[in-house]
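Working notes for the structure below.
The numbers here are math on the coordinates, done by the rules we state, and not lab data. Here the structure is a predicted model, which means the values were calculated and not measured. As a convention, Cβ positions derive from the backbone with ideal geometry for all residues, glycine included, and neighbour counts pool all protein chains shown.
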Amino acid sequence: MANLFGWLMTFFLLVSLLAMVGYQLICFADLEFDHINVYEFSTRVNKVVMPEFVIQAVFSLVALDYIK
């Protein structure tokens, strides 16, 4: 059961990280085509940075626990 939990946790963490990276790429595209200015871009991306770091830390802890 722990193996299943590890796989599911890893899957959902990776999907959430991919969604955050996709959001950042969309913001970069909006910035490139002048739909938003630099200040709006930075506020949008800064809202995603800390949750991304937290998810990466949780993913690292899950990966270390899974390897053990």
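Spin-label model, residue 40/residue 5: points 7 Å from Cα along the beta carbon direction are separated by 4.4 nm.
With the contact rule set at Cα under 8 Å and sequence spacing of 6 or more, what percent relative contact order holds for the chain? Present the calculation step by step, with values, prior to reporting the outcome.
On the way: 23 pairs, mean separation 33.0, N = 68.
Relative contact order, the chain: 48 percent.
The magnitude of the dipole of the chain, with charges of +1 and -1 set on the Cβ of Lys/Arg and Asp/Glu and taken from the Cα centre, is near 320 debye.
The simple spin-label model puts a point 7 Å past each Cα toward its Cβ; for residue 48 and residue 63 those points are separated by 2.0 nm.
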